[in-house]
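Contents: one structure, followed by commentary.
The values are calculated or read from the model by the stated rules, or taken from the named source; none is laboratory data. Because the structure is a prediction, the values reported are computed rather than measured. Note: ideal-geometry Cβ built from the backbone for every residue, glycine included; neighbour counts use all protein chains shown.
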Amino acid sequence: MKTYQTATHWGAYRIGVEDGRISHVEPASYDPDPSAIGRSLAESCGHRVRIAQPMVREGWLRDTRDHYREGRGKDAFIPVSWERALDLVAGELIRVREDHGNASIFAGAYGWASAGRFHHAQSQMRRFLNMFGGHTNTVNTYSFAAAEVVVPHIVGSFYEVLFAGTTVDNVAGHGELVVAFGGWPLKNSQVNAGGVSRHEVRGAQKKCKDAGVEFVYVGPNRDDMAEFLDAEWVQLRPTTDTAVMLGLAHTLLVEGLYDSSFVYSHCVGFDRFRDYLLGVEDGEAKTAEWASGISGVPAGQIIKLARRMASSRTLITASWSMQRAEHGEQPYWMLIVLAAMLGQIGLPGAGFGFGHAAAEGIGTRWDHPIRPAALPVPENPVREVFPVSRIADLLLNPGGRCDYDGKALTFPDTRLVYWCGGNPFHHHQDLNRLLEAWRRPETIIVHEPWWTSTARHSDIVLPCTSTLERNDFTLGHCDWSLQAMQKVIDPVAQSRNEYDIFADLADRLGFRERFTEGRDEDAWLRWFYDRTVESAAAVGVNMPGFEAFWEQGSCDLPAFENPSVLFAAFRADPDKHPLATPSGKIEIYSETIASFGYDDCPPHPMWIEPQEWLGSDMTRKYPCHLLTNQPKDKLHSQLDFAVNSRDIKIKGRAPVWINPVDAAARNIRSGDIVRVYNDRGSCLAGALVTEDVQERVVIIPTGAWYDPETPGQVGAMDVHGNPNILTRDAGTSKLSQGPVAQSCLVDLELFDGPLPEIRVHQPPATV
Ligand SMILES: Nc1nc2c(c(=O)[nH]1)N[C@H]1C(S)=C(S)[C@@H](COP(=O)(O)OP(=O)(O)OC[C@H]3O[C@@H](n4cnc5c(=O)[nH]c(N)nc54)[C@H](O)[C@@H]3O)O[C@H]1N2
Ligand SMILES: Nc1nc2c(c(=O)[nH]1)N[C@H]1C(S)=C(S)[C@@H](COP(=O)(O)OP(=O)(O)OC[C@H]3O[C@@H](n4cnc5c(=O)[nH]c(N)nc54)[C@H](O)[C@@H]3O)O[C@H]1N2
Ligand SMILES: [Mo]
């Protein structure tokens, strides 16, 4: 058996190969808490749902005028040679550029792709397309769009809070109480964008518990907090966290428990916010009673918690999920204001943080000063960008207006979509609306290793290699180790590296030399490595040569001293270390946001009633709140067909978590298949009845590939449990235009019809 080292977004592994087949997968010996997602790796190469060769949708090829766009998702595919496929792609790129201009090429192409530095799909695509004259791109993420836009207005930077936040170790040493809105879910710290060498979050959380720190979890799902933390569980109606925080703030204010010197020395705008808290203008004080009426948390519990927070060294945290909701800016802004009122920002073991355990490294390690090289991407000549989760709006409303962070954007007229490394038919909200929007462009080109839902809904499908079929290396954020990704087996069937695909396209378009700079994979890897070595040398660190690193399979970066406390310098001297806000201070009231005049994002945090929540009239029709969290068993939709994902499915469908009270009322038992529905769509899922989820909340994790009962039909039931058939596609507010997946009401019923087959893990029909 020959063994190789590889790395993924969920860990590093040793892979054994016998007779050209993967016979063995073992987590890296130095990983203290490896992820089970690695179990799925062996199937990643040989599975029947790999795309064997380039494919073109039948209707696209036959209907040369309109490309029979309604055929997307239902047409058969015609296998073609690489030569033919690349000629078609190059021809389409030229046609669209000539007839409509480069802004009509949309390649925002959001998605996690694979972990390597060089073979990063989107970087390859952007380097290629920018050399071709550019493309319409996107800004922000599905992960934390609202936070990315609002937090810089409040404290100057969002990424500083993420990558230089107060660490769990620091809390173990100095903290007394952690109040975690949305929890610290260990299921999420299995992964890290760009790679993870060691899973250390569980260990860090245990240390914190052992040090005597106490935990309060505020949220609807007990599974968000490890059992060993023994957290007090405060249940609340989903997306009402802002109201609870306001109730806490009001209690601090009226009981004189807030730090008035900190809010005046380090913040601006407290007086206006205080007027709101006291109800000076709207006549409604935001008391604990008031907060209780909205959130369902007993007023006494809010008051007690406020007192406990004020008398302890307290860290308050929010999960990223919380801002993926209508008015998702508000809970993040309010969390900062609450921490400011406690006056502990910048103190060891205290203050606030976002996304502890949302990914490995977040809240446990700071970003290393040595950063890896990235593929050089020339500047995009096309200036058009828009918020990433407005993709369906873009396709549906060419020329339409989109407000965003003080700007008025205009949607370009998209004629061609180019997607690499993402799965919008997994990640976007309201898939029926996306399906309709997806019929607008003339041509959709997708690179994928597998027949994902997105590949099935495109016109030209180019099969690319997956991780184990190429050489690369990783260095993830807050992960202090380079991990080699050694080629384990030859590319499956006719699949090719993205780099080679784009080099051949560049050849047809006349810029191969510029694209490749004369380098092959090996030369690029050395180029990347050497740039990383230079970055290390700049901070006085010597790294081994490439050969030694490759032989060894990994290279740990030296530990570096970091203060481990967010905004410690600012606390100590706000004049000498101002924040990057207009005032240099924490903006409890933002003049900038006030100047935008947005009706849905006021100048200080507020409770704004959403359209869909457990307090709205719509609950008469749809009485349950649907949350769609990250799956335990995989990364998003990746390797959905493989063993670790299959094992948690129920009769082949994604699980839906239901409280026993709601299940009994509908005569549903664990293991039953249920239909979950609202006005936007419906899907089947497998019931998992559990007291871990509170009443009137149901949870379907994301990631099951969309598998419509009638392919290509808007409104068809998804038989597999992709919750985005149910979620709403709207922006958080005019400020950030982030996704609102967590604001979603549904009902559910026992499904006792004949169980439709899961077809999405089989390749589509070919002619
Ligand atoms: N309802 C709801 N929806 C959500 C969320 C939620 O909480 N609720 N979360 C959102 C969030 S935070 C995110 S980040 C998104 C994630 O959404 P995505 O990032 O789109 O999800 P992935 O499944 O990781 O998609 C990556 C795709 O790239 C492919 N791929 C892997 N390697 C390569 C490669 O080398 N080349 C190419 N061309 N392709 C490759 C994989 O097969 C996969 O199909 O989902 C969002 N959607
Ligand atoms: N295993 C695994 N890990 C992952 C990923 C994956 O796909 N698989 N994806 C990664 C990515 S891209 C991201 S962005 C992060 C996402 O990190 P998050 O967005 O924080 O993760 P989620 O699992 O969506 O949500 C965490 C919990 O928040 C709770 N929650 C939801 N809505 C509310 C609310 O309104 N109030 C409160 N108090 N709680 C609420 C839910 O119970 C949910 O389980 O995870 C990363 N980690
Ligand atoms: Mo994400």
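Are any residues in region 168-204 touching a Lys or Arg at 6+ places or on another chain (Cβ under 7 Å) and closer than 17 Å to Ala339 by Cβ, and if so, which ones? Within region 168-204, His174, Gly175, Glu176, Leu177 meet the criteria.
Yes or no: Ala204 assigned by TED's automatic domain parsing to the domain that holds Leu315, in contact with a Cys (Cβ under 6 Å, 6 or more places away or on another chain) and either within 16 Å of ligand 3 (Cβ to nearest atom) or in a helix (DSSP H, G or I) (or both)? No.
Of all residues in region 211-230, those that are of a type in the set (Asp, Glu) and either within 16 Å of ligand 1 (Cβ to nearest atom) or within 21 Å of the chain's Cα centre (by Cα) (or both) total 2. Entry remark, region 309-326: residues being more than 22 Å from Gly156 (Cβ to Cβ) and more than 16 Å from ligand 3 (Cβ to nearest atom) number 7 in total.
Just checking, which of Tyr332, Tyr418 is on the phi < 0 side of the Ramachandran plot, more than 16 Å from ligand 2 (Cβ to nearest atom) and either buried (at least 20 other Cβ atoms within 10 Å of the Cβ) or not assigned by TED's automatic domain parsing to the domain that holds Asp707 (or both)? Show your work before the answer.
On the way: Tyr332 fails: more than 16 Å from ligand 2 (Cβ to nearest atom).
Exactly one residue qualifies, and that residue is Tyr418.
Would you point out the residue of region 207-229, among those that are out of contact with any helix residue (DSSP H, G or I) (no Cβ under 7 Å at 6 or more places or on another chain) and part of a loop (DSSP other than H, G, I, E, B), that is farthest from ligand 2 (Cβ to nearest atom)?
To start, the set of residues in region 207-229 that are out of contact with any helix residue (DSSP H, G or I) (no Cβ under 7 Å at 6 or more places or on another chain) comprises 210, 212, 214, 219-225, 227.
Those left that are additionally part of a loop (DSSP other than H, G, I, E, B): 212, 219-220, 225.
Details: Gly212: 25, Gly219: 3, Pro220: 6, Met225: 10 Å.
Restricting to residues being out of contact with any helix residue (DSSP H, G or I) (no Cβ under 7 Å at 6 or more places or on another chain) and part of a loop (DSSP other than H, G, I, E, B), the top hit is Gly212.
If the condition is being crowded, with 19+ Cβ neighbours inside 10 Å and either free of Cβ contacts under 8 Å to residues at least 60 places away in the same chain or assigned to a helix (DSSP H, G or I) (or both), then region 159-184 contributes Val161, Leu162, Val168, Asp169, Asn170, Val171, Ala172.
For Gly38, the stated conditions hold: it is assigned to a helix (DSSP H, G or I), surrounded by 18 or more Cβ atoms within 10 Å (Cβ to Cβ) and within 16 Å of ligand 2 (Cβ to nearest atom). Go through region 628-643 and report how many residues are more than 7 Å from ligand 2 (Cβ to nearest atom), in contact with a helix residue (DSSP H, G or I) (Cβ under 7 Å, 6 or more places away or on another chain) and charged (D, E, K, R). Summing the residues that are more than 7 Å from ligand 2 (Cβ to nearest atom), in contact with a helix residue (DSSP H, G or I) (Cβ under 7 Å, 6 or more places away or on another chain) and charged (D, E, K, R) in region 628-643 gives 1. Within region 303-315, the presence of at least one residue that is at pLDDT 95 or above and either outside the structural domain of Ile154 (by TED's automatic domain parsing) or within 28 Å of the chain's Cα centre (by Cα) (or both) is confirmed.
Do the conditions hold for Ala493, that is, is it part of a loop (DSSP other than H, G, I, E, B) and closer than 30 Å to Val446 by Cα? Steps first, answer last, please.
Numbers: part of a loop (DSSP other than H, G, I, E, B): yes; closer than 30 Å to Val446 by Cα: yes.
When the stated conditions are applied, Ala493 passes them.
Specify which of the listed residues (Ile316, Ile302) is closer than 18 Å to Asp224 by Cβ, within 16 Å of ligand 2 (Cβ to nearest atom) and not in a loop (DSSP other than H, G, I, E, B).
After applying the criteria, what remains is Ile316.
In region 117-146, the residues that are within 27 Å of Gly510 (Cα to Cα) and assigned by TED's automatic domain parsing to the domain that holds Gly421 reach residues that are more than 15 Å from ligand 1 (Cβ to nearest atom) and among the basic types (Lys, Arg) with C-beta atoms within less than 7 angstrom, at least six apart or across chains, in these pairs: Met131/Arg514; Gly133/Arg97.
Evaluated against (1) in a helix (DSSP H, G or I); (2) aliphatic (A, V, I, L, M); (3) within 16 Å of ligand 1 (Cβ to nearest atom), Ile154 falls short on exactly one condition, (3).
Yes/no matrix, rows are residues, columns are (1) touching a Phe, Trp or Tyr at 6+ places or on another chain (Cβ under 7 Å); (2) modelled with pLDDT of 95 or more; (3) aliphatic (A, V, I, L, M):
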residue: Asn471; (1), (2), (3): no, yes, no
residue: Gln483; (1), (2), (3): yes, yes, no
residue: Gln486; (1), (2), (3): yes, yes, no
residue: Ala493; (1), (2), (3): no, yes, yes
residue: Glu498; (1), (2), (3): no, yes, no
residue: Arg514; (1), (2), (3): no, yes, no
residue: Asp520; (1), (2), (3): no, yes, no
residue: Asp530; (1), (2), (3): no, yes, no
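Close contacts from region 85-107, counting a first residue that is without any contact (Cβ under 8 Å) to a residue 60 or more places away in the chain and a second that is surrounded by fewer than 20 Cβ atoms within 10 Å (Cβ to Cβ), with Cβ to Cβ under 8 Å and a gap of 6+ residues or different chains, come to Arg97/Gly133.
Within region 132-140, does at least one residue satisfy the condition of being within 30 Å of Asp500 (Cβ to Cβ) and within 16 Å of ligand 3 (Cβ to nearest atom)? Give the derivation first.
In the first step, residues of region 132-140 are kept if they are within 30 Å of Asp500 (Cβ to Cβ); the result is 132-139.
Subsequent filtering for residues that are within 16 Å of ligand 3 (Cβ to nearest atom) retains 138-139.
Within region 132-140, one or more residues are within 30 Å of Asp500 (Cβ to Cβ) and within 16 Å of ligand 3 (Cβ to nearest atom).
Could you list, in sequence order, all residues of region 173-201 that are among the aliphatic types (A, V, I, L, M) and within 16 Å of ligand 3 (Cβ to nearest atom)? Val191, Ala193, Val196 - these are the residues of region 173-201 that are among the aliphatic types (A, V, I, L, M) and within 16 Å of ligand 3 (Cβ to nearest atom). Filtering region 476-500 down to residues that are farther than 23 Å from Ser535 by Cα and out of contact with any strand residue (DSSP E or B) (no Cβ under 8 Å at 6 or more places or on another chain), which residue is surrounded by the most Cβ atoms within 10 Å (Cβ to Cβ)? Per the criteria, the residue is Tyr499. When residues in region 26-56 are screened for being within 14 Å of ligand 1 (Cβ to nearest atom), closer than 30 Å to Arg198 by Cα and not hydroxyl-bearing (Ser, Thr, Tyr), 6 of them pass.
Looking only at region 110-142, which residues are basic (Lys, Arg) and assigned to a loop (DSSP other than H, G, I, E, B)?
Residue satisfying the conditions is Arg117 alone.
Take the conditions closer than 30 Å to His266 by Cβ and within 16 Å of ligand 2 (Cβ to nearest atom) and apply them to Val155. Does it pass? When the stated conditions are applied, Val155 does not pass them.
From the list Ala594, Ala569, Ala580, the lone residue that is within 27 Å of Leu277 (Cα to Cα), part of a helix (DSSP H, G or I), out of contact with any Phe, Trp or Tyr (no Cβ under 6 Å at 6 or more places or on another chain) and at pLDDT 95 or above is Ala594.
Only residues that are within 16 Å of ligand 2 (Cβ to nearest atom) and assigned to a loop (DSSP other than H, G, I, E, B) were counted in region 366-403, giving 0. Scanning region 1-35 for residues that are within 25 Å of the chain's Cα centre (by Cα) and assigned to a strand (DSSP E or B) yields Thr6, Ala7, Thr8, Gly11, Ala12, Tyr13, Pro27.
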